[in-house]
Amino acid sequence: MSVIASDRTDLYEICDDMERIADQLGGAIDIQLCTSVLSRLRLDLAQHQQDEEVFFNLLQDRDPDDELLARCVALAQSEHAAIGSYALELTEPIADMCAGRKANSADATGYLLRSSFEYMRQHLRWEDAIFFAGEKYGIGRVDGAALRAGLIRNRSSRDRHLRVAD
């Protein structure tokens, strides 16, 4: 579970970093911060979401007849897709900032950044309340060995795809 806890901490940090970038628009932009956020949105975000989905699948396997759990998992997965779409939309303006170019529209870029990190924070807080802090669907409800195996599969699959692209 320490991997998922670390993933979630990283997601909150990505939100904080996106907020810092939004605050810098119209002035001097921290290129190193933009580069870090861009990399994390492109590579880490999907990995973190896949890790959570391993956890969700294990919860559902434990109680396949729980309709509330099924709806919560479906909502979480839908929000993961929306967050992924936001991240995709952000890659171009952040890549421009990494290259030292000013945003075409600082207002539009700022709005997109703020919408993205606020939505992501809200999603994370909701998941914290439903899946990661509660007893009904909490961490203790899944088999640690099965979770570990799923996380390892995620990483070996990711590494394989990265090698093919290289």
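Residues in the stretch 29-80 that are among the small types (G, A, S) and more than 10 Å from the chain's Cα centre (by Cα): S36, S39, A70, A74, A76, S78. I'd like to check something: does the stretch 11-18 contain any residue that is open to solvent by 60 Å² or more (accessible area, probe 1.4 Å), of a type in the set (D, E, K, R) and either at negative phi or more than 13 Å from the chain's Cα centre (by Cα) (or both)? Yes, because at least one residue in the stretch 11-18 is open to solvent by 60 Å² or more (accessible area, probe 1.4 Å), of a type in the set (D, E, K, R) and either at negative phi or more than 13 Å from the chain's Cα centre (by Cα) (or both).
The values are calculated or read from the model by the stated rules, or taken from the named source; none is laboratory data. Everything quoted here is computed from the prediction, not taken from an experiment. Just so you know, the surface numbers come from the protein's heavy atoms only, side chains and all, with ligands and any DNA or RNA stripped out. Shrake-Rupley method; radii C 1.70, N 1.55, O 1.52, S 1.80 Å.
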